[in-house]
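Read through the structure below, which is laid out as C-alpha cells, and then see the notes.
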Amino acid sequence: MDYRQVLQKIIYGIEYNLKDDISLTQLSKQAHISMYHFSRLFMIYTGLSPMEYVRRRRMLHAAETIHSGQEILPVALRYGYSSHSGFSKAFKKMFGYSPSLYRKIGTPHIPKCINLYTQDMRVEGKVLKTCETERLLIRNFRPDDWKQVQALAINKETSDGVKYDLTWPTSDDESLKMAEFLSGTDFFWAVCLKENEDLIGLIAFNSIDENRTLDLGHVFHTKYMLEQNIMTEAIRRMVQYAFDELEIDRITTHNAADWKGQIEPLYRIGMEKTGEWTGPSPADAGKSPNKIKALDLGITREEWEKITVA
C-alpha cells in the first residue's frame, strides 16, 4: 500500500470538511488501518497527530478569516469552538496574540494545504509544542538552538556519557545540521530553564512499537545530572505527556548500568528494572566494541496511574 497516497487523499478530505465533525475513528477507517497505526503514520509524514493537524488547520483558516475583518464568535463557532473564551485561549496559544489583537497587528497566514509529494511535508503555521513544570519549559527544538546543542554535545563528550552513548558532533557545521534534524520532528524535546531559557538537556521519544511501547532516551548537561531533581522533574513531565497525549501503554529505557547519574532519575519516577544484559557500547559504533553491562527499566500506564493517584 502506498501510504503517502492514502494520507494525501485524507489530508485533502480534511481540508474540504474542516467545518464538519472530524474524528480519529473516521479518518482511520478511511485509511483502512487501526487508529494507532494511522496516528503513527500520520505523525511520521506530517510531524503532528491527526487531530492536532485538524485543530491547527482549522485555526489557520480561522485566523485568515478574522484578519479579513469578520466577527470572532461566528468564526469560532464555524470551526468547532463552543465559546469565545475557549477559542481565544487556543488562538493565543498558537499565534501569541488574542484574536482581536491579531486582527490589528498579526501577519495573515495563507492556509496552504501540505503536499506529501513535495518538499513541503510540514504543516504551515506549525508552532512549537511545549510542556511546562515549575522550573522548566520543555519544547520542540528550533534550528536556532544550534549553539546550545553544540554546548550540550561538547559537555557530553567530556563526561561519563562518552563511554556509554553515541558520539555527538561538536563542530559549528555539524551542530547546525543536528539542530535542524532535531527540530524536524516532534520526537525530540529541548529541556530549558524558565528563568533564563538555557537549554540544559534533551529528552527523546526514540520509537513507538505496535504494542504502544515507547522507548525513552535522555541526555543532560553534567551540572544537572548532579542536580537530580531537575532531571527527575523533566523526565516525569514527559512520561506524563506520553501517557496522556500519545496514549502510550508502556515506557522503557535502556542505559549502561554504571551510568548512575543517568539511571537514578528513572528510579525516582517509579520505573523498575525489567532486564539486564551485556553487549557492545553504542559509543564504540564503527570500531572494536567494548562490552558493557546494561539495564532495561520500564513502567506501564497502570503502574504510573497508581503512583500519580496515590
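What the table below lists for this structure:
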| read-out | value |
| --- | --- |
| Cα pair distances of the range 122-309 binned at 5 Å [whole percent] | 1, 7, 16, 20, 21, 18, 11, 5, 1, 0 |
| Spin-label model distance (nm) - Thr185 vs Leu73, 7 Å beyond Cα toward Cβ | 4.6 |
| Efficiency of FRET from Cβ geometry, Thr133 and Asp258, R₀ 41 Å, rounded to 0.05 | 0.90 |
| Estimated dipole of the range 176-304 in Debye, rounded to 20 [Cβ of Lys and Arg +1, of Asp and Glu -1, Cα centre] | 480 |
| Greater than 28 Å apart at Cα, pairs in Lys89/Lys306; Lys19/Lys92; Lys104/Lys129; Lys177/Lys273; Lys260/Lys291 | Lys89/Lys306; Lys177/Lys273 |
| Principal-axis tilt of helix 228-245 within the chain, Cα atoms, nearest 10 degrees | 40 |
| Relative contact order %, the range 20-102, counting alpha carbon pairs below 8 Å whose residues are six or more apart | 18 |
| Farthest toward positive dipole pole in the chain [+1 Lys/Arg, -1 Asp/Glu at C-beta], among Tyr53, Leu216, Ala151 | Tyr53 |
| Dipole of the chain [Lys/Arg +1, Asp/Glu -1 at C-beta], most positive-end residue of Gln26, Ile138, Ala257 | Gln26 |
| Quarter of Cα convex hull surface for the range 3-105, i.e. mean projection, nm² | 6.6 |
| Theoretical ellipticity at 222 nm over the chain - DSSP helices of four or more residues, -39500 (n - 2.57) apiece, nearest 500 | -14000 deg cm²/dmol |
| Between helix 84-95 and the chain: long-axis angle, C-alpha atoms, 0 to 90°, nearest 10 | 50 |
| Relative contact order of the chain, defined on C-alpha pairs under 8 angstrom at six or more residues apart (%) | 12 |
| Principal-axis tilt of helix 50-67 within the chain, Cα atoms, nearest 10 degrees | 50 |
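All of the numbers you see were taken from the coordinates with simple rules; none came from a lab. As the structure is a computational prediction, the values presented were derived from the model and not from experiment. Heads up, the Cβs are rebuilt from the backbone with ideal geometry, glycines too, and the neighbour counts pull from every protein chain shown.
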